[in-house]
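The values are calculated or read from the model by the stated rules, or taken from the named source; none is laboratory data. Being a predicted model, the structure only gives us computed values, none of them experimental. FYI the Cβ positions are ideal-geometry reconstructions off the backbone, even for glycines, and counts take in every protein chain you see.
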Amino acid sequence: MPVILALALKDLRILVRLRTGLFFTFVWPLVVAILFGTIFSGEGHASRTTVAVVDEDATTASADFVSRLEKVATLQVMRADRERALSLVRAGKRTAAIVIPRGFGEAASRMFYGTPPTVDLWIDPSRTAESGMLQGLLFKQGAERMQSTLADSSASREMVRKARENLRAAAEAGVATVPTDRFLGELDRYLGTVQAGAQPAGPGASWQPLAVAEKPVVDPRRGQYPQNSYDLTFPQGILWGIIGCVMTFGLGIVTERSHGTMVRLQMSPILRTELLGGKAVACFTAIAIVETGLFVIGRVFFGVRPASWALLVLAGVCAGVAFVGVMMLVSVLGKTEQAAAGAGWAIMMPLAVLGGGMIPLFVMPAWMVAAGTISPAKWAILAFEGAIWRGFSTAQMLLPCAILLAVGLVCFTVGARAFRPAD
Amino acid sequence: MLRLESVRKTFGAITAVDDLSLAIARGELFGLLGPNGAGKSTTVHLAVGLLSPDRGSVVVEGLGAPILPEVRARIGVAPQAVSLYEQLTAAENLAFFGRMYRLSGARLAKQVSDALEFVGLGDRRNDLVRHYSGGMKRRLNLAAAILHDPDLILLDEPTVGVDPQSRNSIFDNILALKARGRTIVYTTHYMEEAERLCDRVGILDHGRMLALDTVPRLLASHGARPVLQVVSRGREVRVETDDPLAELNRLAASGPIDDFRVERPTLERVFLNLTGRRLRD
């Protein structure tokens with residue numbers, strides 16, 4: 001095993017066994033991301049899909065359908081008019097808008113013939129999983145509505161009455177035999193296709209209890225606002241995780257120096273570059289694990305969706321490089337753990353706050369954003385946000401990434417030059 | 001095996017080692033004796049290449065200056081401070097330090113097991129070091145120094161703060177290493193340890209070597225003569241003499257002896273005679 005890898009694995013093993021370090025590196029950032037994300041969203045039920053429902057039909061059938069949706073446990077339904085519903089979806093405050101257009105009640109009164117009742121599902125095309133889930137839910141409600149209608153004899157008789165009215169109207173128009181002939185013809189064709197194993201064709205054969213028309217909602221402001229509050233808080237959480245790594249590994253070096261293990265390492269035949277390289281690899285690995293772990297949780301459970309996976313990886317690598325350099329600098333801030341910890345937090349806290357670690361960058365006052373320019377935390381969050389919701393192009397990503405790499409290089413060089421294994 | 005010639009090392013205004021010359025033979029167990037701050041640890045750090053001398057030279061025979069990694073690979077050091085990772089087990093500590101000496105695979109596993117057995121910690125190999133007693137940590141500190149089977153072993157105050165049982169165990173380990181032909185430099189401020197273990201002893205004070213020889217010769221040249229203490233008719237008499245038995249016979253002829261005791265010269269006395277101070281002042 002290469003010496004650098006052995007050094008890194010030793011540090012990571014110690015990190016796993018240090019409960020305090022582990023808490024501030026992995027658990028606390030997750031708490032920050034979830035807690036602040038929930039607070040900012042104003043929602044207490046992150047697992048429920050939020051939809052806006054627009055009833056433009058205003059019939060008994062449409063009201064019944066809305067009522068059914070409101071009873072679905074996995075949906076959080078908000079009634080709104082079309083304009084407001086669509087604006088909420090565009091702003092990312094609702095996952096989708098379900099619009100019940102005029103004619104829904106009329107279509108719902110026909111069974112097995114004619115145009116089925118239709119609802120429009122307005123949703124961002126990129127939300128394929130949510131779209132599929134919502135379509136399934138809507139079909140289910142449509143089927144249940146039909147089932148309950150069939151179970152209700154008065155409602156069924158009303159449908160039969162309406163169908164006979166239609167037949168009478170056709171007879172008065174001199175085309176009385178047409179529907180019957182057509183019905184029989186269709187039935188014959190249907191039976192023939194069933195026998196041949198093919199799908200039935202024709203308007204009657206493909207009738208379904210509910211039709212869902214998916215309509216795309218493209219946020220005209222996409223690239224300017226996050227899609228949900230977790231888009232903001234997970235980059236913040238990742239930043240706190242990175243800071244946890246910086247402090248843990250930076251102070252770890254100080255501890256090694258004060259406890260004498262660093263002297264023993266320097267007395268061994270390893271090179272100074274191997275020693276520093278091992279520390280850097282350990283810190284970078286921990287940062288990468290924190291970034292990946294938090295992002296996976298954000299993606300799977302909180303709907304954090306990157307605009308670009310490639311840029312997200314780039315942001316993660318650049319942030320890792322930057323803060324490995326900062327870690328090296330923290331390790332030379334004091335000769336004792338207390339001194340280094342005091343100086344380290346005194347520097348890291350304002351940098352984190354100015355960089356958007358607590359208040360999102362886009363709601364900060366201008367002076368604070370300007371002051372935050374000196375903070376690598378700002379550039380790290382900007383890079384993550386650029387990859388997640390700001391919709392940065394590769395060219396736009398170059399600036400924060402270049403600054404992060406430069407910060408890493410300068411800090412690591414300064415720290416490594418000041419690094420003394422023993423006093 | 002190890003040669004220091006006219007070595008000088010200063011830290012600001014403090015001269016830690018001043019014009020120190022020393023030649024330690026292969027297989028020798030050499031003691032560096034002196035009070036705290038005498039320059040013993042600085043000498044060890046110079047010998048292992050952790051520090052570079054301001055003046056003079058340090059050479060490991062046949063290999064070169066210890067600043068070179070390949071020379072350091074042949075040296076084992078047990079630092080004065082217990083230098084171990086408390087969150088790792090004993091075996092994990094040794095495996096890690098073994099890798100720093102480029103050991104790997106089956107050889108590393110064997111060396112780790114052998115070192116743990118050697119210091120009597122084989123049955124505690126999987127315990128976290130933070131659960132070890134002070135004596136056990138000291139023994140593991142020694143194990144980490146000999147893990148890679150070095151030719152030259154530097155032990156910097158290896159018995160500080162340990163219980164008598166662990167101290168005796170460490171003494172046994174050191175004598176066993178000497179029996180294997182290892183060259184050992186042993187720093188201590190305990191006179192009795194140097195007298196018990198070392199072939200030769202160098203007495204350091206304020207960075208300077210005050211005397212260097214075998215223990216009997218140091219005692220003979222700097223320790224003064226044995227002292228005979230006699231109690232006769234309730235009166236205590238102290239007589240410095242080269243022949244305590246003859247002196248006791250002479251006193252017995254002149255009156256009854258109620259009690260007597262012979263105080264042999266010690267390295268403590270040598271140090272007192274050389275510096276005018278006690279070793280632990």
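Structure notes:
- For the stretch A:260-275, the criterion of being away from every other protein chain (no Cβ under 14 Å), aliphatic (A, V, I, L, M) and either out of contact with any Cys (no Cβ under 8 Å at 6 or more places or on another chain) or under 20 Å from A:Thr25 (Cβ atoms) (or both) is satisfied by no residue at all.
- Test: residue in the stretch B:137-148 that is surrounded by 15 or more Cβ atoms within 10 Å (Cβ to Cβ), within 25 Å of B:Ile203 (Cα to Cα), hydrophobic (A, V, I, L, M, F, W, C) and away from chain A (no Cβ under 14 Å): no
- Among the residues of the stretch A:224-248, those identified as under 13 Å from A:Gly344 (Cα atoms) and either more than 14 Å from chain B (Cβ to nearest Cβ) or within 14 Å of the chain's Cα centre (by Cα) (or both) are A:Ile243, A:Gly244, A:Cys245, A:Val246, A:Met247.
- Residue within the stretch B:257-277 that is over 30 Å from B:Lys40 (Cβ atoms), aliphatic (A, V, I, L, M) and surrounded by fewer than 14 Cβ atoms within 10 Å (Cβ to Cβ) present: no
- Residue check for B:Ala252: in contact with a Gly (Cβ under 9 Å, 6 or more places away or on another chain) and among the small types (Gly, Ala, Ser): no
- Residue match in the stretch B:217-230 (condition: buried (at least 17 other Cβ atoms within 10 Å of the Cβ) and under 16 Å from the mean Cα position of the chain (by Cα)): no
- In the stretch B:154-169, the residues that are surrounded by fewer than 23 Cβ atoms within 10 Å (Cβ to Cβ) and not acidic (Asp, Glu): B:Thr159, B:Val160, B:Gly161, B:Val162, B:Pro164, B:Gln165, B:Ser166, B:Arg167, B:Asn168, B:Ser169
- Sole exception among (1) modelled with pLDDT of 85 or more; (2) in contact with a Gly (Cβ under 9 Å, 6 or more places away or on another chain) for B:Thr214, by number: (2)
- Number of positions in the stretch B:62-74 that are touching a strand residue (DSSP E or B) at 6+ places or on another chain (Cβ under 7 Å) and buried (at least 21 other Cβ atoms within 10 Å of the Cβ): 1
- Subset tally (residues that are under 22 Å from B:Gln165 (Cα atoms) and within 11 Å of chain A (Cβ to nearest Cβ)) for the stretch B:90-99: 0
- Residue count for the stretch A:256-283, restricted to those that are in a helix (DSSP H, G or I), more than 22 Å from A:Gly408 (Cβ to Cβ) and either of a type in the set (S, T, N, Q) or free of Cβ contacts under 8 Å to residues at least 24 places away in the same chain (or both): 6.
- Residue within the stretch B:85-95 that is on the phi > 0 side of the Ramachandran plot and not in a strand (DSSP E or B) present: no
- If you go through the stretch B:110-132 and keep only what is within 13 Å of chain A (Cβ to nearest Cβ) and surrounded by fewer than 18 Cβ atoms within 10 Å (Cβ to Cβ), you end up with B:Leu128, B:Arg130, B:His131.
- Matching entry among B:Leu33, B:Leu84 (being more than 8 Å from chain A (Cβ to nearest Cβ) and surrounded by 18 or more Cβ atoms within 10 Å (Cβ to Cβ)): B:Leu33
Here's the yes/no breakdown for (1) modelled with pLDDT of 75 or more; (2) within 11 Å of chain B (Cβ to nearest Cβ):
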position	(1), (2)
A:Met1	no, yes
A:Leu9	yes, yes
A:Arg13	yes, yes
A:Arg17	yes, yes
A:Phe24	yes, no
A:Ile39	no, no
A:Gly42	no, no
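- With respect to (1) part of a helix (DSSP H, G or I); (2) more than 30 Å from A:Leu88 (Cβ to Cβ); (3) modelled with pLDDT under 85, the lone exception for A:Leu251 is condition (3).
- A single entry from A:Thr336, A:Thr373 fulfils the requirement of being assigned by TED's automatic domain parsing to the domain that holds A:Lys279, at pLDDT 85 or above, surrounded by fewer than 17 Cβ atoms within 10 Å (Cβ to Cβ) and among the polar types (S, T, N, Q): A:Thr373.
- Against the conditions (1) modelled with pLDDT under 90; (2) assigned to a helix (DSSP H, G or I); (3) not hydrophobic (A, V, I, L, M, F, W, C), B:Gly62 satisfies every one except (2).
- Those residues of the stretch B:42-61 which are surrounded by fewer than 20 Cβ atoms within 10 Å (Cβ to Cβ) and among the small types (Gly, Ala, Ser), in sequence order: B:Ser52, B:Gly56, B:Ser57
- Here B:Leu248 meets the list (1) closer than 30 Å to B:Glu28 by Cβ; (2) surrounded by fewer than 19 Cβ atoms within 10 Å (Cβ to Cβ) almost entirely, failing just condition (1).
- Evaluation of B:Arg102 against the conditions (1) within 14 Å of another protein chain (Cβ to nearest Cβ); (2) assigned to a helix (DSSP H, G or I); (3) of a type in the set (D, E, K, R); (4) surrounded by fewer than 21 Cβ atoms within 10 Å (Cβ to Cβ) shows that the sole unmet condition is (2).
- For B:Val77, the conditions (1) crowded, with 23+ Cβ neighbours inside 10 Å; (2) more than 8 Å from chain A (Cβ to nearest Cβ); (3) not in a loop (DSSP other than H, G, I, E, B) all hold with the exception of (2).
- Entirely in the stretch B:136-235, the helices (runs of 4 or more DSSP H) that have 1 or more residues that are of a type in the set (Phe, Trp, Tyr) and at negative phi: B:164-179
- Applying a threshold of 7 Å to beta carbon distances and a minimum spacing of six or more residues, or different chains, the list of pairs starting in the stretch B:46-58 at a residue that is away from chain A (no Cβ under 12 Å) and ending at one that is modelled with pLDDT under 90 and in a loop (DSSP other than H, G, I, E, B) reads B:Ser52/B:Ile67; B:Val58/B:Ala65; B:Val58/B:Pro66.
- Residue within the stretch A:94-101 that is closer than 9 Å to A:Ala52 by Cβ, of a type in the set (D, E, K, R) and crowded, with 17+ Cβ neighbours inside 10 Å present: yes
- The single condition from (1) in contact (Cβ under 8 Å) with a residue 60 or more places away in the chain; (2) within 14 Å of another protein chain (Cβ to nearest Cβ) that A:Val290 fails is (2).
- Taking the criterion of being of a type in the set (A, V, I, L, M, F, W, C) and out of contact with any helix residue (DSSP H, G or I) (no Cβ under 7 Å at 6 or more places or on another chain), the residues of the stretch A:365-390 that qualify are A:Ala366, A:Trp367, A:Ala370, A:Ile374.
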